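The values are calculated or read from the model by the stated rules, or taken from the named source; none is laboratory data. Note that the coordinates shown come from a computational prediction; the quantities given were computed from them, not determined experimentally. Reconstructed Cβ throughout: ideal geometry from the backbone, glycine too, with neighbour counts over all protein chains shown. Note: accessible area is taken over every heavy atom of the protein model, side chains too, but ligands, DNA and RNA are not part of it. Shrake-Rupley method; radii C 1.70, N 1.55, O 1.52, S 1.80 Å.
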Amino acid sequence: MRILLACDKFKGTLTSAQVARTLAAPLSSAGHTTVSVPVADGGDGTVAAALAAGFSARTTEVTGPLGTPAQATWAVREDTAIVELAEASGIALLQPTRETAYAADTRGTGELIAAALDAGCSRIVLGVGGSSSTDGGAGMLTALGARFLTADGEPVAPGGGGLQQLSRADLSGMDPRLAAAEVVLASDVDNPLLGPRGAAAVYGPQKGAAPEDVARLDAALARFSATLQETTGADRQAVIRAAETPGAGAAGGTGFGALVGLSARLMPGAEYIMELVGFDAELARADLVVTGEGRFDRQTLSGKGPGEVIARAAARGLPVWVVCGASELEASALQGTGVAGMVEMREFAPVETCLREPERVLAEAAGALADRLA
């Protein structure tokens, strides 16, 4: 058979390219032809997927989420740049606490966008998963020339906490090159900016926020939205619509900041990355598809990369096998999805061993997959 390997990263252990390479060896030995296409959904791992698809790597020193320098990798091909918020402003760059929930910001992400403009890129794909902050993208916009001021005319402090003192916003000094650039906001979430499904309520706790902090951060984001409506000359209704847009709450509200400040075009991350790497062309030539990620659960089937792989393969009537670290779904939940079978790494080793020796255990799982396809 011609088998298409379309796997996401196994978070914290293996990149999508490493997963595909490990799976390919026993399948090729069994006589199958394998082709690999990397999968990502806009979160951490998006740049790695782009590099595996032929983009070139660039590294830029940026301001990390708490103000210390960070080395951030991004990807470029011709006039297109793939910029990953997690590289510059990600939660993996700090130890989340109540203090960091207020102080972490997205300035480094704006610096990456500036680096892409410096490189002559006119299309910038901004992947916004894995954020450490709840600043609405204010830090990102500040790095690109925006000003966010207190009632005394001083710059607000970085992070969502600083937005509590926001009195005036000025976007007139934004980098003029943005006007000629296309910014694509690649996201796999559908949260609005505010409220019980908003950026602070849903994602604040994983960034260190206690319940009372969530309420204050939500109020700070509301103040951010209101200030942009009142002091920038922006279309008030357009800003309100942006705050309510599914995906505005991505990455602590960075989705909202990108929609308003960068005139970004929002696209589902998995769909956009698939288009970028030529997934459909390879799918049309495949007899069977293998996809997977570290943890396979209901979220996987709702917009994440492997879920989109399964949906597209099912639409063509192609069987899909899933290889994962562990699945949280019962067989009944997979009925009608197009999933023909599953191999879990935890079948072959305890979870601790899977995390410690992921490539070795995945190789065992890959061998079992080859046997089950025989």
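What do you get for GluC sites (Glu not before Pro) in region 12-95 restricted to DSSP loop and a cutoff of at most 14 other Cβ within 10 Å of the site's Cβ? Intermediate values should be presented prior to the final figure.
Working: sites: 61, 78, 84, 87; in loops: 78.
For GluC sites (Glu not before Pro) across region 12-95 that sit outside H, G, I, E and B with at most 14 neighbouring Cβ atoms in 10 Å, the list reads 78.
Be a star and scan region 22-54 for residues whose amide nitrogen sits under 17 Å from the point 7 Å along the Cα-to-Cβ vector of residue 364.
22-23, 26, by backbone N distance to the label point.
Cβ under 10 Å from residue 149's Cβ, residue 149 left aside: what net charge do those residues give with Lys, Arg +1 and Asp, Glu -1?
Value of the local net charge: -1.
Under a point spin-label approximation (7 Å from Cα along Cα-to-Cβ), what is the residue 351-residue 244 distance to one decimal in nm?
Using points 7 Å along Cα→Cβ, the separation is 4.1 nm.
What are the ³J(HN,Hα) values, in whole Hz, obtained from phi via the Karplus relation 6.51 cos²θ - 1.76 cosθ + 1.60 with θ = phi - 60°, for each residue of region 144-150 in sequence order, with x given for Gly and Pro?
Working through the residues one at a time gives 9, x, 6, 10, 10, 10, 7 Hz.
Taking only Cα atoms, what is the 0 to 90° angle, nearest 10, from helix 358-373's long axis to the longest principal axis of the chain?
Taking Cα atoms only, the helix is inclined about 50 degrees.
What whole number of Å gives the distance from the Cα centroid of region 143-180 to the Cα centroid of region 1-47?
Computed from Cα coordinates, the inter-centre distance equals 42 Å.
What order do 166, 373 take when sorted by accessible area (1.4 Å probe), most exposed first? If you can, show how the numbers build up before the last one.
Working: 166 0, 373 30 Å².
Output order, biggest surface exposure first: 373, 166.
Can you pull the three principal axis extents for the Cα set of region 198-258, in Å, largest first?
Ordered largest first, region 198-258 gives principal extents of 35, 19, 13 Å.
Looking only at trypsin sites (Lys or Arg not before Pro) in DSSP loops with at most 13 other Cβ atoms within 10 Å, what is the longest site-free stretch of the chain?
Longest site-free region, per DSSP loop and neighbour criteria: 1-284.
In whole angstrom, how far apart do the alpha carbon centroids of region 192-231 and region 251-307 sit?
Each part's Cα centre sits 25 Å from the other's.
Angle between the Cα long axis of helix 305-315 and the longest principal axis of the chain, 0 to 90 degrees, nearest 10?
That helix lies at roughly 60 degrees to the long axis.
Any idea of residue 56's accessible area? Nearest 10 Å², probe 1.4 Å.
Rounded to the nearest 10, that gives 60 Å².
In degrees between 0 and 90, to the nearest 10, how far off the longest principal axis of the chain does helix 16-29 point, with axes built from Cα atoms?
10
So what J values fall out for region 44-53 if you push phi through Karplus, 6.51 cos²θ - 1.76 cosθ + 1.60 with θ = phi - 60°, rounded to Hz, Gly and Pro as x?
4, x, 5, 5, 4, 5, 5, 5, 5, 8
Calculate the FRET efficiency for residue 230 and residue 172 from the Cβ-Cβ distance with a Förster distance of 22 Å, rounded to the nearest 0.05.
The value I calculate is 0.90.
Return P(r) of region 239-374 (all Cα-Cα pairs; 5 Å bins starting at 0; whole %; ordered from short to long distances).
Going from the shortest bin to the longest, the percentages are 2, 9, 16, 16, 16, 14, 11, 8, 5, 2, 0, 0.
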